[in-house]
Amino acid sequence: MDFLQPTSWQDALALRGERPDALPLAGGTDVMVDINFDRRRPGALLDLGRVPELREWGQDDGRIRLGAGVPYAGIIGNLGAQLPGLAMASRTVGSPQIRIRGTVGGNLGSASPAGDAHPPLLAAGAVVEVASAARGTREIPVAEFYTGVKRNALEPDELIAAVLIPAASGPQQFSKVGTRNAMVIAVSAFACALHPDRREIGTGIGSAAPTPRRAPEAETFLAGELDDAGLWDSRNALPEPLAAAFGERVAAAASPIDDVRGSAAYRLHSLSVMARRAITWAWNDLREAA
Amino acid sequence: MSAEAGTRTTRITATPGGVGDTPLRPDGTLKVTGEFAYASDLWHDEMVWGATLRSPHPHARIAGIDITEALTLPGVFAVLTAADVPGENAFGLEHADQPVLASEFVRYEGEPVAIVAADHPETARRAAQRIRVDYEVLPAVTDPRRAMDADAPAVHRPGNLVRHLTLRRGNPDPKAPVVVSLDFEVGMQDQAFLGPESGLAVPGDDGGVDLYVATQWLHVDQRQICLALGLPPEKVRLTLAGVGGAFGGREDLSVHVHACLLALRTGKPVKMSYGREESFFGHVHRHPATMTYEFGAERDGTLVYAKANLLFDGGAYASSTAAVVGNGGTLGLGPYRFPSVAVDAYGVFTNNPPCGAMRGFGCVQAAFAHEALMDELADAVGVDRVEIRQRNGMREGDVNITGQVIDSAAPVAELLQIVRDLPMPPPLDPSDIRALPGAVGNTTHGEGVVRGVGYAIAYKNVGFSEGFDDYSTARVRLELTGGEPVATVHTAAAEVGQGLITVEQQICRTELGVERVVVHPKTTGVGSGGSTSASRQTYVTGGAVKAACESVRAVVLERAAALLGRSAGELRLDGEKLLGASGEVLLGLGDVLGTEAVEETVEWRHRPTHAIDPETGQGNAHVQFAFSAHRAVVDVDVELGLVKVVALDSAQDVGKAINPDAVVGQIHGGSAQGMGLALMEEMVVTDGHVRNPSFTDYLIPTILDMPPMQVQVLEYADPHAPYGVRGVGEPPTISSGPAVAAAVRAATGKALHRVPIRPEHITGT
Ligand SMILES: Cc1cc2nc3c(=O)[nH]c(=O)nc-3n(C[C@H](O)[C@H](O)[C@H](O)COP(=O)(O)OP(=O)(O)OC[C@H]3O[C@@H](n4cnc5c(N)ncnc54)[C@H](O)[C@@H]3O)c2cc1C
């Protein structure tokens, strides 16, 4: 197995183009597990750890441009205000050691339905910026990025450069159910974002379908109900039945399976509970901010 | 330590670092700083690596094995199969029924079929993958309830029954005005020790082998290895390597024979180390159990009778299933007085992973059932749940269900009272989500959270039972080194992290009055220390060390008496000095020792136990009983089924705390392990296949799952045991889980007759 270690983004893209058999390596918290278990034997490892551009983040036209190699610990430490949903999700990832190594780029690269970064990225309406030496940069809305179980929209010669995430214009929440109180892969997860500027709701569901996905019907239903009831303006309390109806619609958007971590029925149930609670907290935050 | 217990405690002269003190562990700093050499750190020049090929099928006939492709891989030194086992291709703790390498049949997923030695662990693993095994898959029996059906596939001949224990006492047809009953199921728990199996076998010039291995009982390993290698004991020498936890999972052989076979074949030192996934297939687990219990009682809650049926899934090989059935059957009704009893306990073979020893050994499973049923009885008769246990609880002098008199303290009522009276945790504080069920998962800010409190009491036999010749050997040497008296203690009793080596030092200090005590590496160069299990080592090896010290002391006094021209009876050894009758210093210990060391080896036994009657289960089966109580307080998010254990407090009678810190450590760890079984720890096995052989999906409690504990230790000396000690390690694992389960039932109002309790059991989805 060759070990390729580019020191610039350009070199990284060039190597990616030359070596389709190379596997990109960011924090390695998924890659090294696969290699140790002999699930993967790539011809080469393309270590992105020395590419400084990937570890940068900054403002870009109302969006946060988060380098693919920024670890969860960096998001928690620096971006809690702009990206509250992603920061909450980051806090639930693995252990402190994993949060120091693991990256959102790696989470997207693995595209596991249980990846914790996905629901808040979906809820926020993030865009994945990918690039190749041959064709340059393209932007993929995150909802289109997940193409199947652990599959994504990357071409063989592409790398993930960054994620472009609109800075939060309203409260965001993230909830994750696991069978212990820390260091656990999600049995089910849910993220929501209120966009009071556009009077829209964003959602993201994890671990309850072949890919992470939104709950579009729940989003439009709730936004419409809030409109009809004048709640965007009045900022009155969110009626419980409305929150519950939203929760049911979120669950309806999922198509989970039974597995060793939990039953499909429990995943649906827990999603509806999490969605009901999370949207209520988000709404209460909005009211308090007003 | 509770003050009121002091009156019945054996008084021991305080020696710094002696019995009752808490000296630093000799291995403590090394472990905390990461410098301790565990078995996985073993290294030898020229060493090669072993790997194991395991069966993918729960049940199959091996039609053929082709090793050609593996042998031709560069770097491979040997590929061995059943045909290469020189002695008997069989091992086992109670029955040698398990092949070293499968020959005709494989009986569980993960059974070793072939082994490889190569110059690199990865090469060895790849070579193993190149071995072609032709399997004819056979129907498997994986439901223990079906194992004894006439049409069930036979795992072994003549049938699938390992042991059926019947216990009958009192009225054969008892009646009672109040009757409660339940079915209870316990899933398969794993020991989940942090240091996976590892060993290094070094071939000797004499055609023998030296094996360095992490284990629980060097001599029982040696016996089995000798049988398989066809070598006498003097050619199979074992040394204990650094053990990263055991909990019963290292009682059965793992890498032992395989590494020796490869070393003897290649003439090179061979190291074998399992990874985490292989470890789940490389050792036995706690038996899953299906139980039916019925209690009859007077209207005031006084117990009249019990009927119980316990079924333990032993998996594919016998291991210690018969003894687990023995414990489940003789102790499985808990520490209560029952005038009439009918118990049937079964252990069966299936094509599931083999099950054997794990901390609590048959009592853990039963305690979930008897404690759940005691709560139901309390509710049925309208008596408080603690009070009903106190009223029916065993006391010293009572007769247990096998007719054995409890001949030392049995403070059931007191232990329960202590945990009941301990301060309660503060009420729910929703401001810190880490304190809530779901914790950083941010699933509740207080919504749906209900608090519940549960109590449990349990007891466990200490030491090996049912007539087993349970002994330990200690060699103690006292000599001058650099002008200072130094004692060296040599036993073969395994230190697995529990602190036995500290206890051995403490006993030497107290008995010999010397400060410096060296613990000799644990080897088969001294007689058997017995197993590090059944909470027995401080009792039995501690007893042996004490006895050996007494012999050494007697020799020293004789020598001093000869030097002084006095009688030994007038002399005393204290603080490295020989004192006369009125305490006057007569000689220094160094003057007595001179250049001639004093060394004594003693084999020490506890009081004998006896087989139980095969029809009635009556008999003095056990040597000692240890009692513990827990109170659990939980917050349950009843809508999501998530649990946060807020408090898990305990009281336990330990007879005498030889090392109070170590005692509390055992209670902390044991409580966490019991709580883990109640809430999350389960090997999920479907159709004989293990579905979660990793720490990603076999969940053990983290620091956020385990609350700080209040622990109260009683010291009611057992007059029959050295220093009055009572085994400590297992009882907390037995009573903690049932207390947690009871607390979750209290919070949810659900019956929850299965553990681990999964979120969907609470939510009903
Ligand atoms: C103990 C443990 C606990 C964990 N707990 C969690 C958890 O709670 N929640 C969770 O979501 N995950 C968890 N994970 C999984 C893992 O940590 C995350 O998926 C993490 O985000 C992966 O990031 P990484 O930087 O380590 O990726 P890597 O392992 O380096 O890479 C992952 C994948 O992404 C690809 N990749 C990485 N960077 C790029 C790039 N720039 N362009 C293209 N492809 C790229 C790699 O080729 C690979 O396919 C856990 C893992 C471990 C070992």
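The values are calculated or read from the model by the stated rules, or taken from the named source; none is laboratory data. All values derive from a computational prediction rather than experimental measurement. Cβ coordinates were reconstructed from backbone atoms using ideal geometry, including for glycine residues, and neighbour counts include every protein chain displayed. Heads up: the accessible areas ignore ligands, DNA and RNA and are worked out on the full protein's heavy atoms, side chains in. Shrake-Rupley method; radii C 1.70, N 1.55, O 1.52, S 1.80 Å.
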Hits in the range A:248-290 - residues which are within 11 Å of chain B (Cβ to nearest Cβ) and in contact with a Leu (Cβ under 6 Å, 6 or more places away or on another chain)
A:Ala251, A:Ser270, A:Val273, A:Thr280
Can we say A:Ala134 is away from the ligand (no atom under 11 Å from the Cβ), part of a loop (DSSP other than H, G, I, E, B), open to solvent by 10 Å² or more (accessible area, probe 1.4 Å) and on the phi < 0 side of the Ramachandran plot?
yes
Condition set within 12 Å of chain A (Cβ to nearest Cβ) and acidic (Asp, Glu), scope the range B:606-648, selection nearest to B:Pro732 (Cα to Cα): answer is B:Asp635
Determine whether B:Pro288 is open to solvent by 10 Å² or more (accessible area, probe 1.4 Å), within 20 Å of the chain's Cα centre (by Cα) and farther than 26 Å from B:Tyr38 by Cα.
yes
Flag if B:Gly204 is closer than 30 Å to B:Leu240 by Cα and either free of Cβ contacts under 8 Å to residues at least 40 places away in the same chain or among the β-branched types (Val, Ile, Thr) (or both):
yes
Identify, please: which residue in the range A:141-154 is in contact (Cβ under 8 Å) with a residue 40 or more places away in the chain, touching a strand residue (DSSP E or B) at 6+ places or on another chain (Cβ under 9 Å) and not in a loop (DSSP other than H, G, I, E, B) and is, among those, nearest to the ligand (Cβ to nearest atom)?
A:Asn152
Members of the range A:2-44 found to be exposed (fewer than 13 other Cβ atoms within 10 Å of the Cβ) and at positive phi, listed by number
A:Asp38
Quick check on the range A:108-123. Is at least one of its residues among the hydroxyl-bearing types (Ser, Thr, Tyr) and within 13 Å of the ligand (Cβ to nearest atom)?
yes
Residue check, A:Met1 against (1) near the ligand (Cβ under 8 Å from one of its atoms); (2) over 18 Å from A:Gly67 (Cβ atoms), all met but one. Which one?
(1)
Residue match in the range A:55-62 (condition: under 17 Å from the mean Cα position of the chain (by Cα) and over 28 Å from A:Asp259 (Cβ atoms)):
yes
Single residue of the range A:76-101 satisfying the filter (within 11 Å of the ligand (Cβ to nearest atom) and away from chain B (no Cβ under 14 Å)) that is surrounded by the most Cβ atoms within 10 Å (Cβ to Cβ)
A:Arg101
Give all pairs with beta carbons closer than 6 Å in which a residue from the range B:31-57 that is part of a strand (DSSP E or B) meets a residue that is at pLDDT 95 or above and acidic (Asp, Glu); count only pairs at least 6 apart in sequence or on separate chains.
B:Val48/B:Asp119
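Quick grid of which residues meet (1) open to solvent by less than 10 Å² (accessible area, probe 1.4 Å); (2) within 19 Å of B:Lys271 (Cβ to Cβ); (3) modelled with pLDDT of 95 or more:
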site: B:Pro172; (1), (2), (3): no, no, yes
site: B:Lys175; (1), (2), (3): no, no, yes
site: B:Val178; (1), (2), (3): no, no, yes
site: B:Ser198; (1), (2), (3): yes, yes, yes
site: B:Pro203; (1), (2), (3): no, yes, yes
site: B:Gly208; (1), (2), (3): yes, yes, yes
site: B:Val213; (1), (2), (3): yes, yes, yes
site: B:Leu218; (1), (2), (3): yes, yes, yes
Can you name the residue in the range B:429-454 that is modelled with pLDDT of 95 or more and away from chain A (no Cβ under 12 Å) and is also nearest to A:Ala278 (Cα to Cα) among such residues?
B:Val450
Against the definition (touching a Leu at 6+ places or on another chain (Cβ under 7 Å), outside any loop (DSSP other than H, G, I, E, B) and either open to solvent by less than 10 Å² (accessible area, probe 1.4 Å) or under 17 Å from B:Phe361 (Cα atoms) (or both)), how does B:Ala306 come out, yes or no?
yes
Output the qualifying pairs, or none if there are none: Cβ atoms under 6 angstrom, residues six or more apart or on different chains, first residue in the range A:6-29 and within 14 Å of chain B (Cβ to nearest Cβ) and modelled with pLDDT of 95 or more, second residue within 12 Å of the ligand (Cβ to nearest atom) and open to solvent by 20 Å² or more (accessible area, probe 1.4 Å).
A:Thr29/A:Ile98; A:Thr29/A:Arg101
In the range A:56-75, how many are more than 12 Å from the ligand (Cβ to nearest atom) and open to solvent by 20 Å² or more (accessible area, probe 1.4 Å)?
9
Test B:Gly513 against the stated conditions and say whether it is under 13 Å from B:Gly463 (Cβ atoms) and over 18 Å from the mean Cα position of the chain (by Cα).
no
Take the range A:22-55 and flag every residue that is part of a loop (DSSP other than H, G, I, E, B) and more than 8 Å from the ligand (Cβ to nearest atom).
A:Phe37, A:Asp38, A:Arg39, A:Arg40, A:Arg41, A:Pro42, A:Gly43, A:Gly49, A:Arg50, A:Val51
I need a count of the residues in the range A:179-203 that are surrounded by 24 or more Cβ atoms within 10 Å (Cβ to Cβ), of a type in the set (Gly, Ala, Ser) and within 14 Å of chain B (Cβ to nearest Cβ).
4
Does any residue of the range B:140-150 turn out to be crowded, with 17+ Cβ neighbours inside 10 Å, of a type in the set (Gly, Ala, Ser) and either within 23 Å of B:His57 (Cα to Cα) or not assigned by TED's automatic domain parsing to the domain that holds B:Ile700 (or both)?
yes
Residue check for B:Ala534: surrounded by 21 or more Cβ atoms within 10 Å (Cβ to Cβ) and assigned to a loop (DSSP other than H, G, I, E, B):
yes
Six or more apart or on different chains, Cβ under 9 Å: which pairs go from a residue in the range B:554-583 that's surrounded by 14 or more Cβ atoms within 10 Å (Cβ to Cβ) to one that's of a type in the set (Asp, Glu) and part of a strand (DSSP E or B)? Could you list them?
B:Ala554/B:Glu600; B:Val555/B:Glu599; B:Val555/B:Glu600; B:Glu576/B:Glu484
What number of residues within the range A:155-178 are within 12 Å of the ligand (Cβ to nearest atom) and either aromatic (Phe, Trp, Tyr) or away from chain B (no Cβ under 14 Å) (or both)?
10
Here is a check on your reading of the model: is A:Ala209 outside any strand (DSSP E or B) and either within 16 Å of the ligand (Cβ to nearest atom) or among the aromatic types (Phe, Trp, Tyr) (or both)?
yes
